[in-house]
Amino acid sequence: MSSFKSVVSLCAVAGLMACGGGVEGQGELSTQKSALVTGTSQGCTFTVSFVQRAPFPPPSYDIKLTREASATCPWPASTVTVGLSNANPPTMVSLAANDLGVAVGYTYRTGGPSPLAVAIKHVAPDTMAIVRSTGLTPISLGTYIWSADLAIGPDGTTLIATGTKNVPISGETGSGDHYVAVFPNFFTSTLAPTIVAY
């Protein structure tokens, strides 16, 4: 069953990227996707994590991005807070990076009956500043996007988020509890994603 889902997901991504068009000459970009929380950009290793801020219901979590110091990284070690989540259970975090930048994704709620949504941030590897904030939102209150695993497409410029949900995402086509969201030229534009459910 999981292999079938993978094939469907890959077909959806291939179809969307064919429609959105790859960027020629970008294949040489150093690209890394981590199913966990670590990636590399411009010689630096980045790790995303969440740290509990308040233990009382509802719990809240700071989403932290850390740049490690190393011989290959031209900048010092640094940690910044890129977001806050009131998600319960603890928030899901994901990271994808290449030399264009670092993409951080995490699930969040703002409290009360708000849906569990996904925030996606573009963070500059040198300044650790948030360059772009976007995300995915369910269409109704009290609903959930459970996860958003981030990857960078073969063209080196497209960000792909995949995951599960229990309700349609605003702007999606298709139907089902899984989705693929494709953000063209994620690091250099603010183009809206194409979202396909399956």
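Coordinate-derived values only; no laboratory data. From a predicted model like this one, the values you see are computed outputs, not experimental measurements. Because the Cβ atoms are built from the backbone with ideal geometry, glycine has one as well, and the counts that use them run over all protein chains shown.
Overall, the anisotropy analysis places region 73-180 in the oblate class: the square-rooted eigenvalues a ≥ b ≥ c of its C-alpha gyration tensor yield a/c not less than 1.5, with a/b not exceeding b/c.
Couplings for region 176-187, taken from phi via the Karplus curve 6.51 cos²θ - 1.76 cosθ + 1.60 with θ = phi - 60°, read x, 8, 10, 8, 10, 10, 10, 9, x, 6, 4, 7 Hz in order; Gly and Pro are left as x.
Let me know the shape class of region 70-115, please: from the alpha-carbon gyration tensor, a ≥ b ≥ c as square roots of the eigenvalues, rounded when a/c is under 1.5, otherwise prolate if a/b is greater than b/c, or oblate. Prolate is the answer for region 70-115, as a/c is 1.5 or above and a/b outweighs b/c.
Excluding Ser85 itself, what net charge comes from residues whose Cβ is under 13 Å from its Cβ, given Lys and Arg +1 and Asp and Glu -1?
It works out to a net charge of +3.
Counted by Cβ distance under 14 Å from Phe50, the other residues give a net charge of +3, where Lys and Arg count +1 and Asp and Glu count -1. Anisotropy class assigned to region 128-198 is prolate, per the alpha carbon gyration tensor with a/c at or over the 1.5 cut-off and a/b larger than b/c.
Return Leu100, Leu159, Leu191 ranked ascending by Cβ neighbour count within 10 Å, so the fewest neighbours appear first.
Values: Leu100 23, Leu159 26, Leu191 14.
Lowest count first: Leu191, Leu100, Leu159.
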